[in-house]
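Student: What follows is a structure written as structure tokens; I'll ask about it next.
The values are calculated or read from the model by the stated rules, or taken from the named source; none is laboratory data. Just so we're clear, the structure is a prediction, and the values are computed from it rather than from any experiment. For neighbour counting, all protein chains shown are included, and Cβ atoms are generated from backbone atoms with ideal geometry for every residue, glycine included. All accessible areas refer to the heavy atoms of the entire protein, side chains included, with ligands and DNA or RNA removed. Shrake-Rupley method; radii C 1.70, N 1.55, O 1.52, S 1.80 Å.
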Amino acid sequence: MKKFNMEVVAASRATKCYGERIAIMDNFGALLPNAPYPFVLEGMLFGIVTRGHNSFMLDKQRYTLGPGDIFTSFPQNLMEDFRYSDDIEATAVFIDGGYLEELYDKVTIDWNMRLMAMSHTPLHADETETKRIVTYMQQIAEKLNSPVGPFRNDCIQSLLLSLAYDVFDLRMRSFHVNDKPAVKYSSAERLFYSFVKMLNDPHEQFLNVNGYSERLHITPKYFSTICRELTGKTAGQIINEEVIRTAKVMLHDKAKSIRQISEELNFANQSHFASFFHRHVGLSPQRFRNQMTHE
């Protein structure tokens, strides 16, 4: 399975400038050529189309973008089947997964808003908003190309956070959510934050509701109450959705057997994994893998 990470970005002629953990790109045709092969992101890819059209598959769902459309994809997302018009122009920023976690810790928004902001649904920006977003990325590029100084990284981080808040605001308006004053995280939000970090950590094995509640030192009932209040979903639903999404990505890697995948996903055995996958997807893991091969 191909990986999309800082090493790939830094080596591409599409990259305008880059540091150790962030890069700005302005030639998508060169970065992500018209090719069907899939790859897994090892960071966040955020961009805006300013001319032409492109489309791609993200976690097996097709997205089509035109001028003013904004797209966001996150670590461990599966991307494939890129298609571009000849006149495509887009600007994007790639952020290393570790650096992304540092930025998350500095963003002061409610977790239910953060989850909406992390939606893959493309946003549309008007002409003024598009210019502002492109300007942010141009300023980040300028700082990346500037001489190293004691506050260079702080300037880059401030620009990234400003860009993030601007996009969060656009996302919230698209959901018809009113602005809220800054508030301190409640104990429930802090617990949910800890849960999400464990759930998204590629070095952690997936647990069931009881397992995560034990790690959080709360009861399973209170754990699910927190999740439902903040997301509208139970803890079990959130865990199952992430397990299925991860399983689909892993099934694209033919070097891994289904037994290996079931073990890495912390299932008791291959049969248990197959039953779980079929119940949620409607196909056995092997049939899903075969279907992906023939698409």
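Student: Could you run through segment 189-207 and say how many residues are within 17 Å of the chain's Cα centre (by Cα), in a helix (DSSP H, G or I) and of a type outside the set (D, E, K, R)?
Tutor: Adding up the residues that qualify gives 6.
Student: Moving on. Keeping to segment 38-61, report how many residues are among the charged types (D, E, K, R), out of contact with any strand residue (DSSP E or B) (no Cβ under 6 Å at 6 or more places or on another chain) and part of a strand (DSSP E or B).
Tutor: As a first pass, look at segment 38-61 and keep what is among the charged types (D, E, K, R): 42, 51, 59-60.
From what is left, the residues that are out of contact with any strand residue (DSSP E or B) (no Cβ under 6 Å at 6 or more places or on another chain) are 60.
Cutting the leftovers down to part of a strand (DSSP E or B) gives us none.
Residues in segment 38-61 being among the charged types (D, E, K, R), out of contact with any strand residue (DSSP E or B) (no Cβ under 6 Å at 6 or more places or on another chain) and part of a strand (DSSP E or B): 0 in total.
Student: Of the conditions (1) open to solvent by 60 Å² or more (accessible area, probe 1.4 Å); (2) at pLDDT 95 or above, GLN237 satisfies every one except a single condition; which number is it?
Tutor: (2)
Student: Considering each of GLU242, GLU295, GLU214, GLU229 in turn, give the residue that is within 18 Å of MET198 (Cα to Cα), modelled with pLDDT under 95 and not hydrophobic (A, V, I, L, M, F, W, C). It would help to see each step written out before you state the result.
Tutor: Values: GLU295 fails: within 18 Å of MET198 (Cα to Cα); GLU214 fails: modelled with pLDDT under 95; GLU229 fails: within 18 Å of MET198 (Cα to Cα).
Only one candidate qualifies: GLU242.
Student: Next up: Pairs under 9 Å by beta carbon, first residue on the phi < 0 side of the Ramachandran plot in segment 150-162, partner open to solvent by 80 Å² or more (accessible area, probe 1.4 Å), six or more apart or different chains?
Tutor: Close Cβ pairs satisfying both conditions: GLN157/LYS106; LEU161/LYS106.
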